[in-house]
Amino acid sequence: MTADAGAISLFLEDEAATGRLGEDLALAVKPGDCLTLSGDLGAGKSSLARALIRAIADDPALEVPSPTFTLVQAYDLRIPVAHFDLYRLADGSELEELGFDEALQSGICLVEWPEMAADEMPGDRIELTLTHEGAGRRLTIKAPPKRAERIQRILAIRTFLAGLGYAGAGRRFLTGDASLRAYEAVYPATGERKILMDWPPLPEGPAVLDGKPYPKVAHLAENPYPFVAIADSLRQRGFATPEIYGVDYDQGILLIEDLGTEGVLDTGGQPIAERYRESVACLAHLHGMQIPQDISVTKDHIHHIPDFDRTAMKMEVRLVLDWHLPWKRDGQAASDAERDAYLAIWDDLIDQLADAEKNLLLRDFHSPNIIWRGDRQGIRKIGLIDFQDAMIGPTSYDLASIAQDARVTIEPPLFRELMDDYLSIRRAQGGFDETSFLKSWAIMSAQRNCKLAGLWVRLLQRDGKPGYLKHMPRTLAYLQVALEHEALAPLREWCARAGIGMSES
């Protein structure tokens, strides 16, 4: 591969290489992309388009007829695709009648013979030009910088896989998450499916507190070192975390073990009691171990697990002030007196955590991040993922995360079972201060649910993601449970005065 003067040049030695590139491009495209395919008859335009469409469909046998006579063929896929062949187009103005602009608004357009409507092609298109070269093909790609960066990224991942011996592996989109990480399923020619974590380095954002950007204040992982450190440390202690097959720390690319696809919810999205109880048992065993705060990752890097400190806790609970209250009050901000009283309450509550049990907390130990492995025994039934933001802090935080799962309602009978299971295991371990732990649990439950009550609104108003608001009634109900503890009386009274309660929706 070469990249000169803004163009990417690739030699495709055979039809299989063309197919692999189509798979790779399927991982790079986004709605709104127009890809034009130019080249002589037989240069491989249709082969490339067909491979890309089949990869988005995740169906290698999908029938992809040439649109030579129909001019356009539409596919309702993960990303809608409109495949155009303009060879028989009489005039470029006819493109509008074919629904080109509408297709581009909601999906991607693949355009063969774009020369027939050159004046109608978007200026920010991705241009793919194929020419014969020896026994293979030469592909030249020209694209605006942001789109070119996406293509360069998926090609860098292909190079990474080749370095691990998986040059010809199949690749499919798996999922993305709120942090801009993306995941691929990688299918080697032999052996089991693997997972690729695409974690590109991001520029440092604006300062939000004490001159630091949000990830640094909240102790969010910014590179793969924490993930590898925690994964290896827990796996060495018998927990089911992904084995790491290869890492490029500078580029943020990891190839890891696939722990499975089964979760802890049933087909209707409801919690499966047995799986939640096994998850809580796994957590209790983890909390009974002392995990070192400094973990050697490479010969040159030691990961220091950050503390869940006062600054991070208070920044998270401020989301109630900054987002929840204005949303509830039709835009009216919290008063200075309300803010001062609320933050003073949290300073006192955090002071009361001084003697709480502290150890590794995974931070997001709930249904989206738990893999069920029913054929395994003990703690290995529970596959652990998404722990790169782990901290050292009150262990009760993780129990609040699972016993009050933010994404699914845990009804009171199951909640009591989960709490009893956890406490029983911890009592049997010895040296467990249950009274102190339950006080800590109430405080951390309140802290987490105050954060979430603001986060759901921020996702709606700032990020344009209204779907999370459905979790608000559940979050506020969970908060009320935490507020029943006597240590939370001042916060309970503040919430009552502010009108934060179960009646909200």
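The values are calculated or read from the model by the stated rules, or taken from the named source; none is laboratory data. None of the values given here were measured: they were computed from a predicted structure. No Cβ is skipped: glycine too gets one built from the backbone with ideal geometry, and neighbour counts run over all protein chains shown. Note: accessible area is taken over every heavy atom of the protein model, side chains too, but ligands, DNA and RNA are not part of it. Shrake-Rupley method; radii C 1.70, N 1.55, O 1.52, S 1.80 Å.
Brief remarks follow.
- Here ARG363 meets each of (1) open to solvent by less than 60 Å² (accessible area, probe 1.4 Å); (2) modelled with pLDDT of 95 or more; (3) charged (D, E, K, R) with one exception, condition (2).
- Breaking point among (1) more than 27 Å from LEU265 (Cβ to Cβ); (2) modelled with pLDDT under 95; (3) among the aliphatic types (A, V, I, L, M), for LEU459: (1)
- Leading residue by the ranking (surrounded by the fewest Cβ atoms within 10 Å (Cβ to Cβ)) among those in segment 368-397 that are farther than 12 Å from THR261 by Cα and of a type in the set (S, T, N, Q): GLN377
- Meets criteria (closer than 30 Å to PRO466 by Cβ, within 26 Å of the chain's Cα centre (by Cα) and in contact (Cβ under 8 Å) with a residue 24 or more places away in the chain) for ARG171: no
- Residues of segment 274-314 that turn out to be open to solvent by 20 Å² or more (accessible area, probe 1.4 Å), in a helix (DSSP H, G or I) and closer than 30 Å to ILE500 by Cα, as a count: 3
- Any pair with Cβ under 8 angstrom, 6 or more apart, that starts in segment 76-89 at a residue that is touching a residue at least 60 places away in the same chain (Cβ under 8 Å) and within 22 Å of ALA26 (Cα to Cα) and ends at one that is in a loop (DSSP other than H, G, I, E, B) and of a type in the set (Asp, Glu): ARG78/ASP58
- Selection count where residues are touching a Ser or Thr at 6+ places or on another chain (Cβ under 9 Å) and under 25 Å from GLU133 (Cβ atoms), scope segment 30-48: 11
- Residues located in segment 175-196, provided they are more than 10 Å from the chain's Cα centre (by Cα), more than 16 Å from PRO60 (Cα to Cα) and either buried (at least 18 other Cβ atoms within 10 Å of the Cβ) or among the polar types (S, T, N, Q) (or both): GLU184, THR190, LYS194, ILE195, LEU196
- When the residues of segment 455-497 are filtered to those that are of a type in the set (Gly, Ala, Ser) and within 33 Å of the chain's Cα centre (by Cα), the one that is surrounded by the fewest Cβ atoms within 10 Å (Cβ to Cβ) is GLY464.
- Among the strands (runs of 3 or more DSSP E) confined to segment 107-162, the ones with at least 3 residues that are surrounded by fewer than 19 Cβ atoms within 10 Å (Cβ to Cβ) are located at 126-133, 136-142.
- Of all residues making up segment 335-362, the number that are out of contact with any His (no Cβ under 9 Å at 6 or more places or on another chain), in a loop (DSSP other than H, G, I, E, B) and within 26 Å of GLN293 (Cα to Cα): 6
- Qualifying helices (runs of 4 or more DSSP H) (wholly inside segment 380-476; at least 3 residues being charged (D, E, K, R)): 412-429, 434-461
- All positions within segment 125-144 that are more than 25 Å from ALA16 (Cα to Cα) and in contact (Cβ under 8 Å) with a residue 60 or more places away in the chain: ARG125
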